[in-house]
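Taking it in order: structure first as structure tokens, then the write-up.
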Amino acid sequence: MNALLKTCCLLLTPLVFANVSLGREIKKVHEFAKFGVETQVNLSKISWGLDTVSADTGSYYETAAAILNTSSIAYTSDENKQPNFGIGLSIIGRLFLSDTYTLITRFGIEPGLDDSIALRVTDNNNIGRFGSDGVLKSNYTFAPAAFLGMKGMYLGAMYEARSYETPRNHGQASANLTESVKDNHLLYGFRVEREVLVDNAAVLIGVEGMSNLVADSSDTMMQYYKDVINFRGGTAVNGADELEVTNVHTKMTKLSVTLGAAFLSL
Amino acid sequence: MTRLLKSCLCFSVSAVFASGSANIDFTTFRVGAQAQLHLLDIGWGVNAAVRGSNPSAEVISLAGLLNVSEGDLTDGSRSFTYGFGAGLTVRADIAEDFNILARIGVEGVVHDAVALKLSDGTPNKRLSADGFFSAKSVISPAGFIGYKGLYLGFVYDMREYDTPLHNNMHVDAYLNSDDKTSGGAFAKTIKDNQFLFGFRGETEYDIGGAALIIGLEGLSNIGSKSDSSTKDYFNSITEAIGLVDGEGLDANNNVESTLVQRALYSDVTKLSLTLGFLFEDL
């Protein structure tokens, strides 16, 4: 609900500005709407920050908690933490609110990113250890978006509904761990686009920068990381709360270049 | 050298595109000033490996944690780091609808970041999360080339950090001990200069004799190796982590196994809102 409110505020502010500052009603101009398709190339950075406590002061567990508290678990293809590149395909509509102001709505789909390395519980007994040889798979995602702007500069939001397949073969821990988790987030940001005429056809080149401004992870994602970390450091080892996850945050940043064309005008 | 090549490529592609469309003609220069607000997503990724005989489950687990994680520049509430900046800009029209934009600016960040701190000495290392990275103000020259207000370009992000105030006794004990295997040091200040590549979009409003420019930028270093001083610093931290709680030491406190850092990568992403003015043509 909070995310929905943020989105509404974000979209309404420029709308009010458009209506009030120009002193005119939003009206139909020479064209009312245009519809087309768009492709995107994305550079995505996704990570999860685990808030962790350890009641076992002065131990290995306290250092493990400190590492987790000063870092984020990254969605990345290897230990060198390279960013993720992805593509997307969308249907896009432009509603011309006035001579200057335009509302963009877009409904797109993005294939999954390259698989990421992930923590895996590698022992089959109570002194389990972590390895970084697990694989976290990102499934395709739906990404509806809306932008409101003037003169090709837009502010807007995108809802990224992304699900993940968690690593298999956690040994004894596998029974407790969810195999598929969802982590849906609203991303806020900007879009800049320009129309270029290519052989009398209008091609729209755009760039976007979006972020979820750090938000709590979904319940399933939070529970997944609690279960993984607690297996290694929880009651399974030398007593209670040696290493415990109290909260999980998702951090997402996305830079995109878009290329689109309009086919239908109303 | 790779960074320089990347920059040249970035500029060359745009310049070729521009020159192919119209004759390059440096006709107009405009100078101005610009203020920036940044959302910074900065992290360091340690590529760690276990070295030595008979490593414990704890050391192996810590290597696993480091390999899937990035050290964050965050204030501890998991927020992004927000920054600000100001700079001088020069914009040249090189052809119809094509511009070059150059900027030299100074940047700062809003708050310190939490960091790992060596809080116990030899032989039982221990690290806590109550240290601080203080980011210093940095100079950040930038260059963009664009078409109709949509630019591609780069920023050279020259960033310096004051590292956490580790307990001197523990650092000295560490540096003088046999535990240290690779000669790293806990430098008090580290540098991490990175080329960021990306885009900028701007819109211009005429206000009398000047133009008000509102711009938006998205930049990333696309994951590059860290500078040597930062790499050395994190190498020392990684080694200390491998010896935590006496793990990795044998019965005589000699190093039996430890963690080593194979590589350190900086991951910098920056979203910016800029507001500036350009004055009369020169």
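Please treat every number below as a calculation from the coordinates, not as lab data. For clarity, every value in this text was computed on a predicted model and none was experimentally measured. Here the Cβ is made from the backbone with ideal geometry for all residues, glycine too, and neighbour counts use every protein chain on show.
Listed by Cβ neighbour count within 10 Å, with the fewest neighbours leading, A:Leu204, B:Leu273, B:Leu40 appear as B:Leu273, A:Leu204, B:Leu40. What is the extension gain from B:Val90 to B:Ala251, computed as 0.36 nm multiplied by their sequence separation minus the C-alpha to C-alpha distance, in nm to one decimal? Here the segment from B:Val90 to B:Ala251 would lengthen by 51.4 nm. Ordered by the number of other Cβ atoms lying within 10 Å of each residue's own Cβ, fewest first, B:Asp41, B:Asp206, B:Asp232, A:Asp133 fall into the sequence B:Asp206, A:Asp133, B:Asp232, B:Asp41. Between B:Ser228 and A:Phe107, the simple label model (points 7 Å from Cα in the Cβ direction) yields a spacing of 5.7 nm. Checking the cross-link pairs B:Lys188/B:Lys225; A:Lys137/B:Lys188; A:Lys34/A:Lys81; A:Lys251/B:Lys231; B:Lys125/B:Lys191 against a 31 Å limit on the alpha carbon distance flags A:Lys137/B:Lys188; A:Lys34/A:Lys81 as lying beyond it.
Assuming a ≥ b ≥ c are the square roots of the Cα gyration tensor eigenvalues, decide whether the stretch A:149-266 counts as rounded (a/c under 1.5), prolate (otherwise, with a/b larger than b/c) or oblate. Prolate is the answer for the stretch A:149-266, as a/c is 1.5 or above and a/b outweighs b/c. 3J(HN,Hα) couplings calculated from phi for the stretch A:116-121 with the Karplus curve 6.51 cos²θ - 1.76 cosθ + 1.60 (θ = phi - 60°) are, in sequence order, 10, 5, 8, 5, 9, 7 Hz; Gly and Pro show x. Given R0 = 35 Å, the distance between the Cβ atoms of A:Ile87 and B:Tyr205 translates into a calculated FRET efficiency of 0.50.
To the nearest 0.05, what FRET efficiency results for A:Lys151 and B:Arg262 with a Förster distance of 41 Å applied to their C-beta separation? Calculated transfer efficiency: 0.25. Between B:Ala185 and A:Arg168, what FRET efficiency comes out of the Förster formula 1/(1 + (r/R0)^6) with R0 = 45 Å and r the beta carbon distance, rounded to 0.05? So, using R0 = 45 Å, E works out to roughly 0.60. Length gained on full extension, A:Asp99 to A:Thr178, computed as 0.36 nm times the residue gap minus the Cα-Cα distance: 23.3 nm. Fewest-first ordering of A:Tyr188, B:Tyr82, A:Tyr60 by other beta carbons within 10 Å of each residue's beta carbon gives B:Tyr82, A:Tyr188, A:Tyr60.
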